[in-house]
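Below: the structure, in C-alpha cells.
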C-alpha cells in the first residue's frame with residue numbers, strides 16, 4: 001500500500017443494512033486470511049445470500065451508461081463500495097441487451113454473480129508469457145451460461161474473460177474484487193488480432209483514485 005492510498009477512507013455509494021453486513025463479513029475475512037483461494041471460499045455463502053435478495057439494490061444502480069463508458073457502449077459500471085486501503089471494491093455491471101464487454105482481466109481475486117437478466121461468459125487462457133509488449137495470444141478455455149443467482153470465482157487461472165447479455169432485458173451482475181478494479185490500470189485484449197493494451201474502465205458515479213499501472 002502506498003502512502004497516498006493509506007490516506008483514503010472507505011467509500012459507501014450505497015449504504016443499506018444488507019450490503020453493510022456483507023461488506024463487514026468480507027473485510028473480516030480478507031483481514032485475517034492472506035490466501036486468495038481461501039478468501040473466496042469463505043465469502044461464497046455470504047455472496048450467495050446477497051445475490052438471492054432482490055430487495056436491496058435500487059434501480060439507479062441498474063441503469064445503463066448515458067453515452068460511451070470506459071467499458072464501451074452504454075455499459076454501466078456503478079461502484080457501491082470501496083475500501084480505503086484499495087483492497088476491495090463492490091460494484092454493479094450493467095449490460096444492455098446484446099451488448100458485450102471487451103475481453104479484459106481483473107488482476108485480483110473476486111466473485112461475480114448474476115443479479116438480473118441472462119449472460120454468456122467466455123473465459124480465456126493466455127498462451128504466451130507476455131514477452132512482447134502489446135502482444136497476447138489467447139485461447140477460449142471455458143464457456144458458461146449464467147442465470148440469476150449463478151456466480152463464479154475470479155482467480156489467476158481464470159482472470160481473463162468477456163461477458164455478453166443474452167436476455168431481452170438488461171443484465172446486471174455484481175462484482176466483488178480484491179482491488180479498486182474501476183480505477184487500477186489493467187488489460188484489455190483483442191484476441192482476433194493478438195493485441196493487448198492497458199486500460200482503465202472508471203466508475204460512472206465517482207472519481208478514480210490513482211494507482212500505478214501494471215507492468
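Rule-based calculations on the coordinates, nothing more; no lab input. Everything quoted here is computed from the prediction, not taken from an experiment. Cβ atoms come from the backbone with ideal geometry, glycine included; neighbour counts cover every protein chain shown.
Observations
- Sorting 77, 62 by the number of Cβ atoms found within 10 Å of their own Cβ, with the fewest placed first, yields 62, 77.
- Taking 170, 101 and counting other C-beta atoms within 10 Å, the order from fewest to most: 170, 101
- One chain, two ends: residue 207 and residue 169. Fully extended at 0.36 nm per residue, the span grows by 10.8 nm beyond their Cα-Cα distance.
- Calculated P(r) of the stretch 113-185 - Cα pairs past 16 Å, %: 58 percent
- Spin-label model, residue 98 to residue 64: label points 7 Å out along the Cα-to-beta-carbon direction sit 1.1 nm apart.
- Inter-probe distance in nm under a simple model that places probes 7 Å from Cα toward Cβ, at residue 200 and residue 31: 2.9 nm
- Rounded to the nearest whole angstrom, the semi-axes of the ellipsoid equivalent to the stretch 93-215, taken from the Cα gyration tensor as √(5λ), stand at 23, 18, 13, largest first.
- Gaussian network model of the chain, springs between alpha carbon atoms under 10 Å - residue of 148, 58, 97 with greatest fluctuation: 58
- Ordered by the number of other Cβ atoms lying within 10 Å of each residue's own Cβ, fewest first, 57, 18 fall into the sequence 18, 57.
- Across the stretch 100-215, the relative contact order, built from alpha-carbon pairs under 8 Å that are at least six residues apart, equals 35 percent.
- Debye-sum result for the chain in log10 I(q)/I(0), which assumes one identical scatterer on each alpha carbon, at q = 0.10, 0.15 Å⁻¹: -0.41, -0.98
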